[in-house]
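Heads up: the structure comes next, in structure tokens.
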Amino acid sequence: MPEPIPFLDLETQYKKIKPEIMAAVEDVFGSRAFIQGKYVRRFEEEFSQAIGVGGGIGCSSGTSALVLALAALGVKEGDEVITTPHTFFATGEAISILGARPVFVDIVSTDYTIDPCHIESAITGRTVAIAPVHIYGAPCDMTPILEIAQKYDLAVIEDCAQAHLASYKGSMVGSLGDISAFSFYPGKNLGAYGDAGLVATSNEEVAGVIRKLLDHGRQSKYEHEMVGYNYRMDGVQAAILSVKLKYLKDWNRARRIAASLYNERLCPRGFKVAEHLSECEPVYHLYVVEVSNRYDVIKSLTSQGIDVGVHYPVPLHLQPALKHLGYRPGDFPNAECAANRVVSLPMCPEITEAQIDRVCGTFLEVARP
Ligand SMILES: *Cc1c(COP(=O)(O)O)cnc(C)c1O
């Protein structure tokens, strides 16, 4: 059996930065700033500066960041939020948790993001917001989305869980809409060593509401102004994220290089891979290629010790948990086609050209476009 190729090599990354990580963890343990506190404040400042947003509020996960963002904008029972079916479940889940209805529209087949052409016809009297997702690290086409939002007075919530430091027309994603949600789940481009997330907004009033909401609606220690959540960020995660944030630009660059190596090997053979908008810089959280014989491809790569994934096999409108929404197979052809055909190949900053050669060699032996 040849040397396995992991989908994501967090072990190699950890070995490189271990002394810094351990020092940061010891600092937190020594200071006992376990929940919120100075390490969280420091990371919030560093991250908001990196994405060019007035304020960042650390929280417990990407999912809680989405819930907080929606709740702070006043999304409530009976409201509708337009989003994409081609995303991780949490996007639709967060909308549903607040009692609102996710309204799906199809994606573009080039980069798998929400198709702005379908948004206007999905707007009703109950629509309050649009939630574009920068899926796989590819910035959505934000200009038309923001124009529609302005025309109908809708809020825009960016799901940036896969797109830390991706840019669109010179601006960082997360700084384009009214508010944005980031995840620092360990496997994300910027990953904690546990769960963590962040809400970013330049609206100070909204930021103030979020700070209360994530800490039991507290105004002071025993005075609760509203019913909120326990969605606070841990100091240890914040300190670790501050260490890792320094490397993020380099890591994203390494991902882009890996993606172009994959493209050079797969595109000439007729495989469809993500095609990005000009004037934008994706960050390749995932490297996705379409095949017509996915079962065989996964079996063959796995048997050679090459770890692959499928993101995502079931679009949100066909998830059992959302069947009450009444969607049917065939409603969103591009999203359903992607769900049936995508394979994610190993992708992380540490992947080597030799590893990419081996992945592509095995892939090309079996895969059909
Ligand atoms: C990971 C992810 C989330 C949820 O983040 P968690 O930190 O796991 O809660 C939300 N949306 C998208 C698109 C994601 O990839």
Counting other Cβ atoms within 10 Å, which chymotrypsin sites (Phe, Trp or Tyr not before Pro) in the range 17-115 have at most 11 and lie in a DSSP loop?
-> none
Calculate one ³J(HN,Hα) per residue across the range 66-79 by plugging θ = phi - 60° into the Karplus curve 6.51 cos²θ - 1.76 cosθ + 1.60, and present them in order as whole Hz with x for glycine and proline.
-> 5, 4, 4, 4, 5, 5, 5, 7, x, 5, 8, 3, x, 6
Determine the equivalent ellipsoid of the range 117-176 by diagonalising the alpha-carbon gyration tensor, then write out the semi-axes as square roots of 5 times the eigenvalues, largest first, rounded to whole Å.
-> 22, 11, 10
Can you give the Rg to Rh ratio of the range 177-310, both from alpha-carbon atoms, with Rh computed by the Kirkwood formula?
-> 1.11
Counting only residues 5 or more places away or on other chains, whose amide H sits under 5 Å from the amide H of residue 7 once H atoms are built in the peptide plane?
-> 307
With only Lys, Arg, Asp and Glu charged, each at its Cβ (+1 for the first two, -1 for the last two), find how big the charge dipole of the range 233-332 is about the Cα centre; round to the nearest 20 debye.
-> 120 debye
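When N is the residue count of the range 266-347, what does its C-alpha Rg come to as a fraction of 2.2 N^0.38 Å?
Details: Rg = 14.8 Å, N = 82, 2.2 N^0.38 = 11.7 Å.
Relative to the 2.2 N^0.38 Å estimate, the range 266-347 comes out at 1.26.
Where the only charges are on Cβ atoms (+1 Lys, Arg; -1 Asp, Glu), what is the dipole of the chain about its Cα centre, to the nearest 20 debye? Before the final figure, lay out each step's value.
Numbers: 34 positive and 44 negative charges, 124 e Å.
In total the dipole reaches around 600 debye.
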Dividing the convex hull volume of the alpha carbon atoms of the chain by its residue count, what do you get in Å³ per residue?
-> 135 Å³
Would you pull out the residues with amide H under 5 Å of residue 101's amide H, same chain only if 5 or more places away, H placed 1.01 Å from N?
-> 78, 79, 80, 81
Could you give the length gained on full extension between residue 16 and residue 222, defined as 0.36 nm per residue of separation minus the Cα-Cα distance, in nm?
-> 69.8 nm
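Just want the ordering: 188, 76, from fewest to most Cβ atoms lying within 10 Å of their own Cβ.
On the way: 188 21, 76 12.
Result, fewest neighbours first: 76, 188.
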Which whole-number value in Å³ per residue fits the convex hull of the alpha carbons of the range 33-86?
-> 121 Å³
Go ahead and set up a Gaussian network model of the chain, Cα springs under 10 Å, then flag whichever of 276, 134, 285 fluctuates most.
-> 276
Using label points projected 7 Å from each Cα along Cα→Cβ, tell me how many nm separate residue 295 and residue 267, to one decimal.
-> 3.2 nm
Which pairs in the list 212/244; 18/38; 15/246 are over 20 Å apart, alpha-carbon to alpha-carbon?
-> 212/244; 18/38
In the range 45-86, which GluC sites (Glu not before Pro) fall in coil by DSSP and have 11 or fewer other Cβ atoms within 10 Å?
-> 77
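The numbers here are math on the coordinates, done by the rules we state, and not lab data. These numbers were taken from a predicted model, which means no experiment stands behind them. Cβ atoms come from the backbone with ideal geometry, glycine included; neighbour counts cover every protein chain shown.
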